[in-house]
1. For segment 57-273, what percent of Cα pairs sit more than 22 Å apart?
2. Roughly what would the spin-label model give for GLU168 and LEU75, points 7 Å off Cα along C-beta, in nm?
3. Only Lys, Arg, Asp and Glu count, each charged at its Cβ (+1, +1, -1, -1), so figure out the dipole size of segment 57-273 about its Cα centre, rounded to 20 debye.
4. With a probe of 1.4 Å, find how much accessible area segment 57-273 has per residue, and write the answer as a whole number in Å².
5. When the accessible area of segment 57-273 is split by element with a 1.4 Å probe, what percent falls to carbon and sulfur?
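The values are calculated or read from the model by the stated rules, or taken from the named source; none is laboratory data. Just so you know, these numbers come straight off a predicted model, no measurement behind them. Here the Cβ positions follow ideal geometry from the backbone for every residue, glycine too, while neighbour counts run over all protein chains shown. Surface accessibility is based on the protein's heavy atoms, side chains included, excluding ligands, DNA and RNA. Shrake-Rupley method; radii C 1.70, N 1.55, O 1.52, S 1.80 Å.
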Amino acid sequence: MTTHPGRIATTPRRRGVGPRIAAGLGHALGLPTLLLVAWGLAATRATNRFLPGPAAILDAFVDTWVGPAFVEDVLPSLYRLGLGVAASIVLGVAAGAVIGLTPWLRELLEPLLEFLRAVPPPVLIPVVMLLLGITDTMKVVVIASGAVWPILLNTVEGVRATDSVMTETARSFRVSRWQRLRFLVLPAASPRIMTGVRQALSVALILMVISEMFASSAGLGYRIAYFQRNYLIAEMWSGILLLGGVGVLLAVAFGLVERRVLRWYHGIREVHRA
């Protein structure tokens with residue numbers, strides 16, 4: 001706040017909570033609303049039956065997914081997605097911490113890790129099918145096999161970047177290896193780990209759909225492929241819309257978890273900015 005001779009010092013008024021929420025909703029919904037309006041106007045003039053309008057897709061969405069299909073197809077897909085992501089987080093963080101803390105092991109495994117990371121997970125689906133059969137376990141393994149790499153590699157880099165001074169200080173105070181891992185290494189690596197988890201969620205969602213398209217008689221991916229093969233175009237687009245909604249919900253849920261887990265990290269960044 002600054003003052004000048006002959007003027008009364010004033011403080012800027014802060015907007016209330018209501019206007020701020022309205023502004024946030026306007027920013028979030030403004031562009032999607034404009035796109036929907038443009039899409040609807042274009043659909044009224046288009047003659048291509050493969051590009052139905054938003055109203056037709058919305059009707060198909062309600063008729064298709066609000067009912068038994070949600071229980072028979074969507075919930076099992078989300079369950080497999082959750083198991084695959086959970087398995088990739090556990091395996092990625094555990095293996096990444098061990099590799100990151102062991103220099104000789106990291107040098108030994110680095111070529112193998114780079115090779116395995118370069119293999120596209122969808123090409124492993126036939127192999128996993130031969131080993132595990134067409135089961136839910138196969139689909140979970142496919143999801144985890146692709147989603148684990150961003151988490152593992154980010155965990156390795158995060159563990160390696162732990163402050164050496166803090167590490168030596170902990171050793172000089174004879175802090176046990178488990179306590180160093182729990183209270184120093186993993187918290188220091190948590191920003192990189194959360195970055196890997198964010199990337200893994202996108203990969204896992206893609207692999208969930210692909211694994212269900214390859215070999216399945218139920219699931220969100222299977223249902224979208226079924227609609228496409230039978231020229232049920234509006235229903236196919238409604239499934240794609242549902243997939244986008246699942247992706248948005250995953251992003252929102254991850255953002256809430258990330259803010260809670262990295263509350264200390266964001267607090268430090270705010271202090272530095274100030």
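1. Looking at segment 57-273, the distances longer than 22 Å represent 58 percent of pairs.
2. 5.8 nm
3. 1000 debye
4. Spelled out: the 1.4 Å probe surface of segment 57-273, per residue, equals 57 Å².
5. 67 percent
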